[in-house]
Amino acid sequence: MKKLLFIISIIFIVMLNGCSENSDGSNIPKNFTMNFLRNYIKGTGYAILQLDNSVAYQEINGDETIVFEDVNSSRGTVILIQDYYLFYNDQHRINIIVNIDVPLGEWYLKGYNHIDEPLGEIDITLNFPGNPEDYEGRLISYSNYYYYSSNATSNYQGNVYYLDNDENISFFTSVYNSNTGIAYCDWVISENFVQNEINYFNFELDKPMLAKTVFVNRLIDRITIYAYKNDMLDWNTISINNFWNYPVIEFTAFYRDDFPHDKYRVNVAYYGDTEYYSFNYFDYEITSDIDIPMSSISADFDNVSNQFKNIEVSGNADQILAQWSQQDSIKYMYLTVYGQANIEEIALPEIPTEILDQLDIDLSLFTMNSIGINDYDTANNSDDVINITFLQQAPFTSLHNQSYFYQKFDNNEALQREKENEYKYKYKSLNDIPTLEKLNG
């Protein structure tokens with residue numbers, strides 16, 4: 001009997017010690033799983049997992065699930081590298097994203113369900129009420145893409161790179177009459193689209209748009225309104241105004257309440273001499289007042305070590321991001337590092353040599369671009385952002401109502417490069433891209 005009691009006691013002690021050592025789960029072998037969905041990975045790429053004493057990586061090829069087994073840690077640094085080609089601006093890109101010391105587990109990385117290759121073409125005819133010469137500011141929006149031009153001609157041809165999640169196409173088209181101050185529009189929802197062919201569409205722009213005066217607490221020079229639909233997975237741009245020469249603190253928002261939508265997304269932004277800030281909100285209605293946060297960031301840059309030091313955040317932020325870039329005649333490379341808002345230094349990441357050689361990447365050629373902050377109304381830190389973005393399976397846009405982004409550039413040229421990269425494929429030609437001279441009047 002004593003022998004039996006002794007054995008039971010030993011078993012109990014082992015179980016107790018086991019529970020004590022693993023109460024936080026840190027000593028239990030765990031897998032880190034990454035589910036790549038809806039063409040999140042364009043082209044090919046690599047996922048790199050860095051722990052305190054090890055580095056592992058795997059190749060990624062489109063939509064698939066990869067697993068890092070027996071990770072033995074609940075946190076790590078995750079690096080994603082994408083190598084792809086952008087057809088719409090004829091550019092080979094390598095995009096590197098680094099998340100420092102973040103929660104692991106099972107991630108769901110969801111893209112916008114497109115592959116950056118033309119799916120077909122569209123030929124659009126716009127029929128204006130009255131004299132076409134009275135109109136300016138033409139907007140052609142179709143399935144997660146928009147084209148804006150000050151030349152309000154009646155015909156438009158272009159490639160289609162996106163479709164709605166039902167594989168159909170939705171349009172919102174509008175023009176603005178400068179004499180009457182009225183905008184007119186027309187649209188279709190979920191129309192059949194024949195891939196690899198020219199699809200013809202005709203629009204009668206005879207629906208006057210609603211107009212609302214919106215006041216802003218900070219200067220802005222761009223306003224864009226999107227209508228999200230189908231559980232926030234699809235969207236159309238329904239209004240855009242640029243005030244490049246004269247930034248404003250109030251503007252007229254044009255929209256239609258009867259255009260199918262789950263929520264509106266309103267984006268206001270401002271390009272300063274060496275700074276950029278952007279504010280988004282999601283709501284069922286267009287508000288009359290927008291209160292943009294005043295948060296900002298500053299840092300010293302060490303050119304010898306190519307890293308940011310003495311980082312300081314003024315105001316609220318959930319995470320910090322630092323950006324480097326490198327461009328040659330063959331490809332354009334972008335590197336973004338995300339960290340907690342209280343981090344004081346950010347350096348270029350360590351990437352396995354074999355990956356750098358495979359993709360012909362020389363990190364020493366990357367130059368500092370900017371440092372910035374992200375702040376969301378439903379997050380308190382970078383861990384929350386990872387949870388919202390990758391650990392939960394709902395669309396990211398449905399998990400926050402407001403977001404603020406501030407970016408500090410090293411100089412005017414860096415800001416201009418960023419702006420040109422953003423607008424290049426949305427304008428008729430590079431001559432239509434706003435320049436810093438236009439921005440500053």
Interatomic Cα distance distribution for segment 112-250, bins of 10 angstrom, percent:
11, 40, 34, 14, 1
If you take the square roots of the eigenvalues of the alpha-carbon gyration tensor of segment 228-379 and sort them as a ≥ b ≥ c, do you get rounded (a/c under 1.5), prolate (a/b over b/c) or oblate?
prolate
Farthest towards the positive end of the dipole of the chain, among Val268, Pro118, Gly158 and with Cβ unit charges of +1 on Lys and Arg and -1 on Asp and Glu, lies the Cα of Val268
Assuming R0 = 22 Å, can you tell me the calculated FRET efficiency for the pair Asp357 and Asp90, based on Cβ-Cβ distance, to the nearest 0.05?
0.25
How large is log10 I(q)/I(0) at q = 0.16, 0.17 Å⁻¹ when the Debye formula is applied to the Cα atoms of segment 160-216, each weighted equally and without solvent?
-0.65, -0.70
Take the chain, connect every pair of alpha-carbon atoms lying under 10 Å apart with a spring to form a Gaussian network, then pick out the residue of Ile240, Ile297, Ile330 with the largest mean-square fluctuation.
Ile330
Return the single residue from Ser143, Ser398, Ser364 with maximal mean-square fluctuation; model: Gaussian network over the chain, springs between Cα atoms under 10 Å.
Ser364
Once the other residues with Cβ under 15 Å from the Cβ of Tyr255 are scored (Lys, Arg +1; Asp, Glu -1), what is the net sum?
0
Cα-based reach from Lys309 at 15 Å (exclusive), listing aspartates and glutamates while leaving out same-chain residues under 8 positions away:
Asp300, Glu344, Glu345, Asp410
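Note down the Stokes-Einstein diffusion coefficient of segment 26-109 in µm²/s, whole number, using a Kirkwood radius over alpha carbon pairs, 20 °C, and 1.002 mPa s.
Numbers: Rh = 13.5 Å.
D, rounded to a whole number, is 159 µm²/s.
Pairs to check: Lys263/Lys408; Lys212/Lys263; Lys110/Lys229; Lys30/Lys263. Give those whose C-alpha atoms are more than 28 Å from each other in this structure. Kindly include the intermediate steps, with their values, before the conclusion.
Details: Lys263/Lys408 30 Å; Lys212/Lys263 17 Å; Lys110/Lys229 17 Å; Lys30/Lys263 38 Å.
Violating the 28 Å limit, Cα to Cα: Lys263/Lys408; Lys30/Lys263.
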Could you work out the equivalent-ellipsoid semi-axes for segment 246-295, taking the square root of 5 times each eigenvalue of the Cα gyration tensor, largest first, in whole Å?
24, 12, 10
Quick one: dipole size for the chain, taken about the Cα centre, charges +1 on Lys/Arg Cβ and -1 on Asp/Glu Cβ, in debye to the nearest 20.
580
If every Lys and Arg gets +1 and every Asp and Glu gets -1 at its Cβ, then about the Cα centre segment 277-347 yields a dipole, in debye to the nearest 20, of 360
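Do you know the relative contact order of the chain, to the nearest whole percent, from alpha carbon pairs under 8 angstrom that are 6+ apart? Don't jump to the answer; show the numbers that get you there.
Details: 1008 pairs, mean separation 57.9, N = 441.
Result for the chain is 13 percent.
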In degrees between 0 and 90, to the nearest 10, how far off the longest principal axis of the chain does helix 412-423 point, with axes built from Cα atoms?
80
Taking only Cα atoms, what is the 0 to 90° angle, nearest 10, from helix 2-21's long axis to the longest principal axis of the chain?
30
Just to be sure I follow: if Rg is taken over the C-alpha atoms of the chain and Rh is the Kirkwood radius over the same atoms, what is Rg/Rh?
1.03
Who wins for biggest fluctuation among Thr153, Thr353, Thr237 in a Gaussian network model of the chain, springs between alpha carbons below 10 Å?
Thr353
Excluding ligands and nucleic acids, what accessible area in Å² is computed for Val67 using a 1.4 Å probe, to the nearest 10?
50
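GluC sites (Glu not before Pro) within segment 331-386: which are DSSP loop residues with at most 16 other Cβ atoms inside 10 Å?
Working: sites: Glu344, Glu345, Glu350, Glu354; in loops: Glu344, Glu345, Glu350.
Hits after loop and neighbour filter: Glu344, Glu345, Glu350.
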Using a probe of 1.4 angstrom, how much of the accessible area of the chain is carbon and sulfur, in percent?
47
When the charge dipole of segment 196-258 is computed with +1 on Lys and Arg Cβ and -1 on Asp and Glu Cβ about the Cα centre, the Cα farthest towards its positive end, among Asn196, Asn236, Tyr226, belongs to Tyr226
Where the centroid of each part is defined by its Cα atoms, how far is segment 303-374 from segment 166-212 in Å?
40
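The values are calculated or read from the model by the stated rules, or taken from the named source; none is laboratory data. These numbers come from a predicted model, not from an experiment. Ideal geometry is used to build each Cβ from the backbone, glycine not excepted, and the neighbour counts take in all protein chains shown. The accessibility values were calculated without ligands, DNA or RNA, using every heavy atom of the protein model including side chains. Shrake-Rupley method; radii C 1.70, N 1.55, O 1.52, S 1.80 Å.
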